[in-house]
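Have a look at this one before I ask anything.
The values are calculated or read from the model by the stated rules, or taken from the named source; none is laboratory data. Bear in mind the structure is a predicted one, so any value in this text is a computation, not a measurement. No Cβ is skipped: glycine too gets one built from the backbone with ideal geometry, and neighbour counts run over all protein chains shown.
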Amino acid sequence: MSTAETIPLIVHLIHRLDVGGLENGLINLINHLPPERYRHAIVCLESASDFRQRIQRPGVEIISLNKRRGKDWSHYLRLFHTLKRLHPCLIHTRNLAGIEAQLLAAAAGVHLRVHGEHGRDIDDLDGSKRRYRLLRKLLRPLIGQFIAVSRELEEWLISAIGARPQRVTHIRNGVDSLQFHPRLGPPAAIGPQGFVSEQTFLIGSVGRMEQVKDHLTLVHAFLHLLDAEIIPAAHLRLAIIGDGSCRQACQEALRAAGAAHLAWLPGSRDDVAQLMRGMTVFVQPSLTEGTSNTILEAMASGLPVVATAVGGNPDLVQIGWTGALVSPRKPAHLADAIANYYRMPGLAMQHGARARQRVLNEFSLTAMANAYLAVYDRLTLG
């Protein structure tokens, strides 16, 4: 057996390795844990995209089970054999899509089992759906430690799922404050030529363009600002970075209003950090959140954040200090909160500076990695 093989192996099981906050957090974790302490493998229920190239640690095996949509009973057998082959000391599953693997892991002889809750999806926004709760309750005895990325998720695991408080650890996401930093000069060039200028008030958002992220409400808020002439059309611009099933609906709403030329929806990009440095205000209109990586990245970039008061967002955005919180699905309220940064020159820079300082004080990648390391060590070292 080689020296490397004597290092304990952790299997991280996720739905798919692609652009997303959960996936970004996993890669950040692997990149920042001490390589001499644990080896890592990622098992994807579906598949892995080029997002895997962000992993900086050598020797991370990535296995795709290629689960078909809907009921694919054969993937359970593939998962069982994969776990038997890898023989990890610990498995770390994430979210509803991965929790069933706890049963397969126990059957495959994986004695140490961790499950993380990072946020919910559109079909169970508040975690109240009966069959999903029942599944978590049934599998709860198999889970040695739960990890919740927000206080709201921590309280829900204890009160609704019945997890013992001592078996739930709240770990905040961390952000790379070197990659994401405030701009040092003129704003970054964003969009087609002439799209922005020094006088542009650019509303920005980054994320999967799926229903749960509700970018359509942001589009309607942007159109409200235009219709009410709160911000002159000559200065107002919108950029939504990301791809997904709702991107086309957002584009169609902008075209129907004759405002498509004032917005830029380029799909997924690899230069998010640079693009954030060109924004005036960052907006997160989600219907639910765990701890939003994009909010943390915006804060690290020195941006004020306007977000919905859902999930873990109130843990991040301090009202009147680093940003604003509004009710979900309220375009007019969202528009008004955004407009305050136009009405009061200097407020965006003030809130953004405070947001940056809070990230430096409380949301470092080192602190996040150390917190996960403490959980893994407590289980593996007994």
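Does ALA253 satisfy being over 30 Å from GLY21 (Cβ atoms), surrounded by fewer than 20 Cβ atoms within 10 Å (Cβ to Cβ) and among the small types (Gly, Ala, Ser)?
For ALA253, the condition - over 30 Å from GLY21 (Cβ atoms), surrounded by fewer than 20 Cβ atoms within 10 Å (Cβ to Cβ) and among the small types (Gly, Ala, Ser) - is not met.
Among helices (runs of 4 or more DSSP H) lying entirely in the range 270-382, which contain 1 or more residues that are of a type in the set (Phe, Trp, Tyr), exposed (fewer than 15 other Cβ atoms within 10 Å of the Cβ) and at pLDDT 95 or above?
Hits in the range 270-382: none.
Also, quick follow-up: Search the range 101-121 for residues being of a type in the set (D, E, K, R) and modelled with pLDDT of 95 or more, and hand back the single one that is farthest from LEU9 (Cα to Cα).
In this case the residue turns out to be GLU117.
Quick check, is ALA234 part of a loop (DSSP other than H, G, I, E, B) and aliphatic (A, V, I, L, M)?
yes
Only one of (1) among the basic types (Lys, Arg); (2) under 20 Å from LEU22 (Cα atoms); (3) in contact with a Leu (Cβ under 7 Å, 6 or more places away or on another chain) fails for ARG78. Which number is that?
Failed condition: (2).
Further question on the same structure: May I ask you to say which residue of ALA259, ALA228, ALA233 is buried (at least 18 other Cβ atoms within 10 Å of the Cβ), assigned by TED's automatic domain parsing to the domain that holds VAL306 and among the small types (Gly, Ala, Ser)?
Exactly one residue qualifies, and that residue is ALA259.
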